Each structure stands twice: as C-alpha cells, then as structure tokens.
Protein chains: 2
Amino acid sequence: MAITICEVGPRDGLQNEKTLLPTETKVTLIQRAVAGGVRRVEATAFVHPKRVPQMADAEQVMAQVPRDSGVSYIGLVLNRRGFERAARAGVDEVNMVVLATETFSERNQGMTVEASLRAWSEIAGLAHEAGIRPSVTLSAAFGCPFEGEVSPDRVRDLARRVVESGPAEIALADTIGVGVPTQVTELVAAVRDVAPGVALRCHFHNTRNTGYANAVAAVSAGVETLDASAGGIGGCPFAPAATGNIATEDLVYLLDRMGVATGVDLGELAATGRWIGEQLGIDVPALLGRAGTFPG
Amino acid sequence: MAITICEVGPRDGLQNEKTLLPTETKVTLIQRAVAGGVRRVEATAFVHPKRVPQMADAEQVMAQVPRDSGVSYIGLVLNRRGFERAARAGVDEVNMVVLATETFSERNQGMTVEASLRAWSEIAGLAHEAGIRPSVTLSAAFGCPFEGEVSPDRVRDLARRVVESGPAEIALADTIGVGVPTQVTELVAAVRDVAPGVALRCHFHNTRNTGYANAVAAVSAGVETLDASAGGIGGCPFAPAATGNIATEDLVYLLDRMGVATGVDLGELAATGRWIGEQLGIDVPALLGRAGTFPG
C-alpha cells in the first residue's frame with residue numbers, strides 16, 4: 001500500500017504563521033522536503049501581496065525550487081491573473097479553492113460560491129490549454145467557522161459542479177480542523193460518487209486532535225494524496241491558539257509503522273520540522289521531533 | 001454505538017507530572033470528572049510512597065471520592081500489601097500491571113515478568129475472594145523503550161497466562177506512545193483469541209500523535225473501555241518533552257462527532273482539563289480547550 005504526501009508547509013503552513021520569512025528560507029524548506037523524498041509540493045500562492053504578505057515572493061520562490069528530481073509544484077490561484085502569474089512562474093499544477101459555505105467564501109475570497117465556481121471553470125480551462133494540471137480544493141468541507149455544520153449533500157453538489165471543468169484532482173479540506181473519521185469516509189464516498197475516476201486528496205488540520213485519525217480514514221478510503229506540513233506549522237486564523245496542518249513527520253511515522261509506503265524519509269523530515277520551527281521562532285506542533293522515533 | 005471512558009488523570013496522569021498536588025486537588029479532579037459523567041476512574045495507586053510520592057495519599061483520596069453515583073474506582077496495586085491497602089480503602093477494582101518485556105519489568109517494577117505474573121495471580125485470587133474486580137494491564141504491549149519491538153505473539157502469550165487467573169478485564173497499554181492503528185487491530189484480535197469473553201480496555205498515549213487514531217481503531221475493534229486523562233496530562237518518563245495520555249475532552253469530541261456515545265459531557269471535561277492544567281502550572285496537551293468545540 002502506498003500514498004503520496006503533498007508538502008504544504010511552504011504555502012498553507014507559512015501563510016498562517018505570523019513571522020514573515022525571507023525567500024531564501026522558503027526555498028530551503030522546499031529543498032529540504034525534496035531531499036527528504038517529497039515529490040509533490042504546494043510551493044506558493046499567486047494572490048494579491050497586500051492580502052497575503054507571506055506569499056508576495058511567489059515568483060522568486062518558484063524561480064529557485066529544485067527542478068531536477070521530478071517534483072510537481074503546485075501554485076494556489078484564485079483568478080485569471082493569478083493563473084497567468086503561476087503559468088509564467090513555471091508551476092506544474094494550479095490549485096483553486098472553492099469554499100463550501102457562502103459566509104466563508106465572502107469573508108475569505110470576497111466572492112460568492114457561484115463566482116468562485118466560475119473562476120474555477122475559467123482557471124481549469126486555461127490550465128488545460130497550457131498543459132498545467134488543474135486541481136480544486138473544496139474547503140471547509142467538514143465544517144464552517146461561520147455557518148457551522150456543512151452537509152455531505154452540499155459537498156456532493158459542489159463536487160458535481162467542479163467536476164464539469166475536468167479537474168485532475170479534487171481535494172477535500174478540513175480547513176478549521178473539526179472533522180472526524182466517519183465524515184472522511186462519508187465525504188470521500190460522496191465525491192467519488194459524482195466524480196468517478198478523479199484523483200482525490202485530503203487536507204487535514206489537527207486543531208482538535210482528530211487530524212491523524214482522519215488521515216488514517218482517508219488512507220482506508222483509498223485517497224491518493226494527503227497534505228501535511230513539516231513541523232505541523234500553519235495555525236488557524238479562526239482559532240488563534242490552535243495547531244496547524246497535520247505534521248509531515250508525524251504522518252510519515254504513522255504511515256511507516258502501518259506499512260503504508262510514502263517514499264519520505266522520516267529522519268530528514270523530522271529535522272526539517274525542527275529547523276522550520278527555529279526559523280519561525282516557535283515550538284512546532286509536531287511531536288516526533290520531541291519524542292524521537294521508534295524503534296530508536 | 002457506545003464506549004466507556006475510564007478517567008486515568010488522577011493516577012497515570014498525575015503520577016507522571018512533576019508538581020505534587022494536595023489531596024484536596026486530586027479529590028476535586030475526581031469530583032469534576034464524575035460530575036461530567038465519567039463512571040469509571042483510576043483513582044490512585046497503592047504503591048510505596050518513596051517510589052511514587054504523588055500517590056502517597058492513596059487512602060486519603062479514596063476516603064473522599066464521591067460514592068453516591070455508581071462510579072467504579074480502580075486502585076493500581078503491584079503486590080499483596082498493595083492489594084490489602086486498596087481493599088481496606090474501599091476500591092471497586094484493582095489493576096495490576098504486567099510489563100511485556102524483561103528489561104522494562106526490571107526497571108519499572110524491580111521484578112521479572114514471571115514474578116509479576118505470579119503477583120497478578122495472587123492479587124486476582126485475593127480480589128475474587130474479596131468481591132473486588134481484578135483487571136490486568138499488559139504494558140508496553142506496542143513497543144518497549146529498552147527492547148524496541150514487541151511481537152504480537154509475545155502479547156498473545158502473556159494474555160494466555162494472565163487469563164488463567166480470571167481477570168474481569170485485560171487492558172492493552174501503549175505505555176510509551178509508539179503504537180499505530182494496525183497494531184491495535186492485531187493485538188486486540190490476538191488477545192480476544194486467547195481470552196474470549198473477557199472485557200478489553202485500551203490505554204493510549206499521544207506521544208507521537210498516533211493516540212487518537214489508535215482510539216478510533218480500538219472502537220472499531222469493539223473494545224469496551226478507553227482510558228483517557230483530563231487535559232491529556234501525564235507526560236512520559238522516557239521522553240521528557242512528550243505529551244501524556246490521550247485527553248478525555250479531545251477523545252469525547254472525536255467520539256461525539258462520530259456518533260459513539262460516552263455519557264461524558266464535553267464542556268465539563270474541557271473545563272476540567274483547563275483547570276487541572278492551572279493546578280499543575282502547565283499548558284495541557286489537550287487541544288479542545290484552546291480551539292473550542294464545534295459547532296460552537
């Protein structure tokens with residue numbers, strides 16, 4: 001059994017950390033993840049630098065990432081302008097985010113869900129023309145900080161809409177870390193139902209200590225890719241003291257011991273998690289760097 | 001679907017915390033857990049006060065626990081003398097620990113595994129005579145800090161030995177927090193195989209962020225009881241910076257959202273977790289108190 005790990009520390013991780021890092025440190029983070037065996041990286045976001053200052057150097061980061069090891073780099077984009085920047089910067093994949101609820105969509109992207117579906121459709125079309133893989137994330141699919149519960153039917157309907165534009169992949173994101181394994185099983189089945197044959201990715205935050213159990217459920221449900229961030233960096237803008245993404249090293253430990261191959265070197269990623277914490281001046285949420293691996 | 005939660009904060013939790021608490025605080029912890037719906041509590045240990053100073057007031061704690069709500073109190077004992085103290089103090093259950101490896105057994109209990117099996121047999125016999133439920137924990141069943149891997153065959157053999165004395169329950173403990181869900185499934189099956197009809201309990205530490213995924217696997221495997229500590233207090237003497245038991249409030253959140261009934265009130269236990277952290281002067285590992293419940 002095997003699964004692909006997508007390292008999202010450089011984008012989702014750093015975007016939610018207060019400390020602004022120099023481009024060089026971001027590039028080193030990517031280099032270290034790649035040296036540790038990661039083959040898919042969410043490298044940056046092509047969004048307005050005033051809205052997301054941490055991503056203002058998107059072009060500079062992409063210009064310096066290692067290009068000789070078959071790694072696929074994802075750039076997050078929200079509109080045509082972002083797509084064009086990402087394409088010029090040489091991304092392998094673009095990812096667009098569609099929020100599952102109206103309130104979150106307005107607050108996060110300043111547009112209705114319907115408008116974000118149109119933006120996704122436009123981006124997917126441009127990407128297909130340009131030979132770039134387009135993927136779409138259904139965010140807050142497990143719950144919304146403003147509207148509360150999100151029904152599986154809502155997620156299924158959104159998946160049915162986004163699949164019309166031919167995504168290379170659909171990602172289900174528990175953006176605020178409220179989901180549980182039974183939801184993972186249910187939502188993966190709902191999306192598969194309306195998007196047969198489309199690759200699935202899951203994105204979990206460990207905000208309430210359910211993230212790793214959700215990852216196990218996603219593996220059992222047969223998703224192809226799991227997002228994780230070195231050190232578990234990321235935080236959550238809607239829960240100030242909360243932890244971030246599930247940590248790459250803790251996920252790799254879990255999967256290694258379960259006999260699920262990831263191709264990622266545990267020691268390298270544990271060291272990378274500790275290192276990025278030092279750069280950010282934080283104690284990372286990942287536990288492996290503190291507890292040590294097993295057997296030693 | 002339902003499961004019993006056993007609150008182990010007063011014993012396994014506090015025993016591994018540096019700050020010695022007054023008896024009154026320990027009793028308040030138990031009172032709060034019981035008020036929050038917990039119906040089984042590992043209250044204290046009847047061991048030598050010089051070896052475990054935090055448990056020196058075992059009799060005083062037991063004399064003050066709430067007795068009018070059908071709660072079952074467990075006292076940990078390691079020998080006849082401990083059993084006699086526990087019986088006089090009015091425990092409902094005694095729990096004896098058998099370590100899965102020789103090195104850990106010598107270091108932790110100062111005796112061979114064979115000697116601890118004899119002690120268990122004696123304690124079980126005394127308990128049956130006294131009308132006290134005897135349970136036995138197979139500790140380090142998922143891995144040993146000294147010997148490394150522990151084979152499922154070893155755990156099965158130990159379960160075969162302990163079942164001869166008629167345990168009311170067998171507990172499988174991941175004492176150092178190295179286990180993963182596939183091990184939970186395998187070990188539960190191995191023990192059931194040699195101890196059909198005996199109630200099973202699982203005890204997880206979240207040392208490497210696998211504890212909650214293990215809890216979900218244990219529920220799926222049909223175990224009757226899960227241990228947890230308010231706030232996730234406990235630490236680990238073999239990994240100084242590591243987190244402790246899985247936290248009662250985080251476990252209840254996870255199970256509530258999965259539709260598994262526990263009878264425990266999430267808000268009460270989250271408040272109790274924060275409170276015990278204040279008493280110990282630590283930031284507890286539980287995340288629910290920081291992130292808040294969902295939906296709000």
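What follows draws every value from the coordinates through simple rules; no lab data is involved. Keep in mind it's a predicted model, so treat the numbers as computed, not measured. In this analysis, Cβ positions are derived from the backbone assuming ideal geometry, glycine residues included, and neighbour counts consider all displayed protein chains.
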Excluding B:Trp275 itself, what net charge comes from residues whose Cβ is under 11 Å from its Cβ, given Lys and Arg +1 and Asp and Glu -1?
-> 0
In peptide B:40-48, how many Cβ atoms from other protein chains are near each Cβ within 10 Å, on average?
-> 0
Taking K and R as +1 and D and E as -1, what net charge do the other residues with C-beta under 12 Å from the C-beta of B:Ala286 add up to?
-> 0
Using a 10 angstrom cutoff on alpha carbons, build the Gaussian network for chain B and name the most mobile of B:Ile246, B:Ile176, B:Ile132.
-> B:Ile132
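Determine the percent antiparallel among the DSSP beta bridges restricted to the stretch B:4-291, to the nearest 5.
Around 5 percent antiparallel, to the nearest 5.
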Spherically averaged projected area of chain B from its Cα convex hull (nm²) = 13.4 nm²
Answer with one residue from A:Asn95, A:Leu226, A:Phe146: the one whose Cα lies farthest towards the positive end of the charge dipole of the stretch A:87-229, charges on Cβ with Lys, Arg +1 and Asp, Glu -1.
-> A:Leu226
Sorted by average packing, counted as other Cβ atoms within 10 angstrom per residue and highest first, what order do A:141-148, B:71-78 take?
-> B:71-78, A:141-148
Each label point is 7 Å from the Cα along the Cα-to-Cβ direction; what then is the distance between the points at B:Arg51 and B:Ala115, in nm?
-> 0.9 nm
Could you tally the net charge around A:Asp256, taking each other residue with its Cβ under 15 Å from the Cβ of A:Asp256, Lys/Arg +1 and Asp/Glu -1?
-> -3
Tell me, in nm to one decimal, what length is gained between A:Glu224 and A:Ala35 on full extension, where the rule is 0.36 nm per residue of separation less the Cα-Cα distance?
-> 65.9 nm
How many Cβ atoms of partner chains, on average, are near each residue of A:278-289 if near means within 10 Å of its Cβ?
-> 2
Using only atoms on other chains, find how many Cβ atoms lie within 10 Å of each Cβ of peptide B:211-220 and report the average.
-> 5
A:Ala63 and B:Glu102 label points (each 7 Å along its Cα→Cβ direction) are spaced in nm at 6.5 nm
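Dipole of chain B, Cα-centred, from +1 at each Lys and Arg C-beta and -1 at each Asp and Glu C-beta, to the nearest 20 debye?
So the dipole magnitude of chain B works out to roughly 300 debye.
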Report the residue, chosen from B:Leu280, B:Leu99, B:Leu226, that carries the largest GNM mean-square fluctuation when chain B is represented by alpha-carbon nodes joined by springs under 10 Å.
-> B:Leu280
